[in-house]
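Mind having a look at this structure? Questions to follow.
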Amino acid sequence: MARTDRYEHHDYYGIDELLSDDHKLAREAVQAWVKKEVSPIIEDYSNRSECPHHLFKGLAEIGAFGPSLPVEYGGGGMDEIAYGVIMQELERGDSGVRSMASVQGSLVMYPIYRFGSEEQKRKYLPKLGSGEYIGCFGLTEPDHGSNPNGMITNIKEDGDSYILNGAKMWITNSPVADVAVVWAKDEEGIVRGVIVEKGMPGFSAPEIHGKWSLRASITGELVFEDVRVPKENILPNVAGLKGPLSCLSKARYGIAWGAIGAALDCYDSALRYSKERIQFGKPIGQFQLTQKKLAEMITEITKAQLLAWRLGTLANKGEASPAQISMAKRNNVHMALEIAREARQIHGGMGITNEYPCMRHMMNLETVLTYEGTHDIHLLITGLDVTGLNAFG
Ligand code: TGC
Ligand code: FAD
């Protein structure tokens, strides 16, 4: 059943004044696209646990893939704040739709742009930017999630090729991907980036079923059994874990903005419901306890908006540190999850249905709290940054 999206933008502290006309235009365009293409269908796709693949083309058309990458390489040529604003509007629709864009732009196009050869850039980036190719990013393994440096996926040199063996787990878009950026250790134990193409013999990408979260996003494995990968498919300009981790910095930055979108959608729905729902002869929004919830929600959203905006200004100068990005990802995703839970309560029993977006956002945000570095891993990154003492080992 198609639903009408009644969302109205909330800007309690006038943060819009800090945005340029281009940022606001990007936001309006993406918001309009989400209202037209995502909101009417997302509850049904989520309910069926089906990925709305047809949105890939539209995401490309609105410039959601690599908004801050150069235009000549398939990106949007905008700044980091525009990238954040776009992720926020997409996640206002659904975290899974934002994931489609995060993976394609920040985890597939970005590493090819930053670490690829000119030939690799010309071969893959325009097709990824236009949505003709779908990409995925393989770092996590069944036994190595928070600690990717323990990975056992490996490449061994064999003439003009490398032979790739191993497996990756929890990979967004893998079953539908044409191209996978895969991180594997070479014979010296150094992490290298490898571009693997669909159809290479020995490569499969089975879907993972049974998720209660991010149900409108497709997730799978990547399995490599003696996959022969030409040497020209190795990303030549990076070696070591900083390769994948710097892609994660780019994507985590987008999530720090994106999660605010999910929170805004929950707040917006709860605010409207609190004025319309009558109990004890009054709108429930007139009760102090409901007002406390709403007041705290908009306070936390406003703090998160300011954190994201400041991070964006640092990112535009190339000065956003990985630890600053971790702080914003951790804070803003947790904030959004708490708001989804409170908003669900304001909707009473109706809050558990797909008539309202809160429960879907809440379930999605459980994944967002875990992927791209868990809530606790980001806390430990901040802990390391402020103490200089490493809790990881
Ligand atoms: P460590 O020794 O700290 O670092 C190794 C090298 O990497 C550098 N580095 C970074 N560079 C850029 N950005 C970052 N965020 C970086 N973090 C570290 C670091 O300076 C060092 O460089 P160098 O030159 O000295 O070699 O590495 P460690 O093994 O101790 O690990 C630290 C830890 C635990 C923080 C890291 O492993 C980590 O972040 N773990 C979490 C793993 C994770 O986030 N996985 C995400 C998988 S992808 C995903 O979830 C996609 S979801 C997509 C979607 O659908 O949206
Ligand atoms: P583990 O690392 O086993 O962690 C389990 C628990 O232990 C967590 O609470 C963690 O915080 C805690 N823990 C671990 N180490 C420590 C420590 N040192 N101190 C304290 N606590 C610790 N990965 C990709 O590479 N590409 C993708 O596209 C991708 N998409 C995903 C999509 C979905 C839907 C999901 C759920 C995951 C996705 N991931 C992807 C994987 C994701 O990044 C990992 O799930 C995440 O990094 C955590 O790894 P793990 O699940 O193995 O948990």
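Quick one: how many Å² of HIS53 are accessible to a 1.4 Å probe, rounded to 10?
The accessible area of HIS53 comes to roughly 80 Å².
Compare ILE352, ILE190 by solvent-accessible area with a 1.4 Å probe and give them largest first, with all protein chains kept in place. If you can, show how the numbers build up before the last one.
Working: ILE352 110, ILE190 60 Å².
Sorted descending by solvent-accessible area, the residues read ILE352, ILE190.
Probe radius 1.4 Å, ligands and nucleic acids ignored: give me the carbon and sulfur share of the accessible area of the chain as a rounded percent. Let's see the in-between values first.
Numbers: 8770 of 16710 Å².
Result for the chain: 52 percent of the exposed heavy-atom area is carbon or sulfur.
Would you mind getting the accessible area per residue of the range 48-95, heavy atoms of the protein chains only, 1.4 Å probe, in Å²? Walk me through the intermediate numbers first.
Working: 1440 Å² over 48 residues.
Here the per-residue accessible area is 30 Å².
Give the value in nm², to one decimal: projected area of the alpha carbon convex hull of the chain, averaged over all directions. It would help to have the intermediate numbers written out before the result.
Details: hull surface 77.3 nm².
Dividing the Cα hull surface by four gives the mean projection, 19.3 nm².
How big is the gap, in Å, between the Cα center of the range 201-215 and the Cα center of the range 106-152?
That distance is 18 Å.
How large is ³J(HN,Hα) for each residue in the range 183-189, as worked out from phi by the Karplus curve 6.51 cos²θ - 1.76 cosθ + 1.60 (θ = phi - 60°), to whole Hz, x for Gly and Pro?
Residue by residue, the range 183-189 yields 9, 9, 8, 7, 5, 9, x Hz.
Between the range 68-86 and the range 232-260, how many Å separate their Cα centres?
The range 68-86 and the range 232-260 have Cα centres spaced 15 Å from each other.
Here is a further query. Please compute the contact order of the chain in relative form: average sequence separation of alpha-carbon pairs under 8 Å and at least six residues apart, divided by the residue count, as a percent.
Relative contact order comes out at 17 percent.
Now for a different question. Starting from the range 183-233, pick out the chymotrypsin sites (Phe, Trp or Tyr not before Pro) whose DSSP state is loop and whose Cβ has at most 16 other Cβ atoms within 10 Å.
Working: sites: TRP183, PHE203, TRP212, PHE224; in loops: TRP212.
Counting only loop positions with at most 16 other Cβ atoms within 10 Å, the chymotrypsin sites (Phe, Trp or Tyr not before Pro) in the range 183-233 are TRP212.
Based on a Kirkwood Rh over C-alpha pairs, give the Stokes-Einstein translational diffusion coefficient of the range 206-273 at 37 °C and viscosity 0.692 mPa s in µm²/s.
Values: Rh = 16.4 Å.
Translational diffusion coefficient: 200 µm²/s.
Using only alpha carbon pairs under 8 Å that are at least six residues apart, calculate the relative contact order of the range 15-129 and give it in whole percent.
Numbers: 121 pairs, mean separation 31.3, N = 115.
For the range 15-129, the relative contact order is 27 percent.
Keeping every protein chain in place, order TYR124, TYR273, TYR12, TYR133 by accessible area at 1.4 Å, biggest value first, i.e. largest first.
Ranked from most to least accessible, the order is TYR12, TYR133, TYR273, TYR124.
Just how much of LYS185 is accessible, in Å², when a 1.4 Å probe is used and the result is rounded to the nearest 10?
40
Further question on the same structure: Quick check: the distance between the Cα centres of the range 312-356 and the range 16-47, to the nearest angstrom?
Cα centres, the range 312-356 to the range 16-47: 17 Å.
Taking a probe of 1.4 angstrom, what is the accessible area of THR353 in Å², to the nearest 10?
Rounded to the nearest 10, the figure is 50 Å².
From Cα pairs below 8 angstrom and at least 6 apart in sequence, can you work out the relative contact order of the range 200-253, rounded to a whole percent?
On the way: 34 pairs, mean separation 18.6, N = 54.
RCO, the range 200-253: 34 percent.
Compute from the Cα atoms of the range 116-156 the Rg and the Dmax, the latter being the longest Cα-Cα distance, and quote both in angstrom.
14.3, 35
Compare SER46, SER20 by solvent-accessible area with a 1.4 Å probe and give them largest first, with all protein chains kept in place. Could you put the intermediate results ahead of the total?
Values: SER46 10, SER20 45 Å².
Descending accessible area places them as SER20, SER46.
Moving on to the next point. Show the residues, 5+ positions off or on another chain, whose built amide H is closer than 5 Å to the amide H of THR219.
Amide H neighbours of THR219, under 5 Å, 5+ apart: ASN173, ILE208.
I would also like to ask the following. With no solvent and one equal point scatterer per Cα, compute the Debye intensity ratio I(q)/I(0) for the range 222-320 at 0.12, 0.15, 0.19 Å⁻¹ and report its log10, rounded to two decimals.
Debye intensities relative to I(0), on a log10 scale: -0.65, -0.79, -0.98.
As an exercise, identify the GluC sites (Glu not before Pro) in the range 277-333 lying in DSSP coil whose Cβ has no more than 11 other Cβ atoms within 10 Å. Mind dumping the intermediate values first?
Numbers: sites: GLU296, GLU300, GLU319; in loops: GLU319.
Within the range 277-333, the qualifying GluC sites (Glu not before Pro) (loop, at most 11 other Cβ atoms within 10 Å) are GLU319.
Hey, another quick one. So if the hydrodynamic radius of the range 15-129 is defined as the Kirkwood radius over C-alpha pairs, what does Stokes-Einstein give as its diffusion coefficient at 20 °C and 1.002 mPa s, in µm² per second? Intermediate results must be reported in sequence, preceding the final value.
Numbers: Rh = 14.5 Å.
It diffuses with D of about 148 µm²/s by this estimate.
The values are calculated or read from the model by the stated rules, or taken from the named source; none is laboratory data. Please read these numbers as outputs of a predicted model, since none were measured by experiment. Quick reminder, even Gly has a Cβ in these numbers, built from the backbone with ideal geometry, and neighbours come from all protein chains shown. Accessible surface is based on the protein model in full, side chains and every heavy atom, while ligands, DNA and RNA are left aside. Shrake-Rupley method; radii C 1.70, N 1.55, O 1.52, S 1.80 Å.
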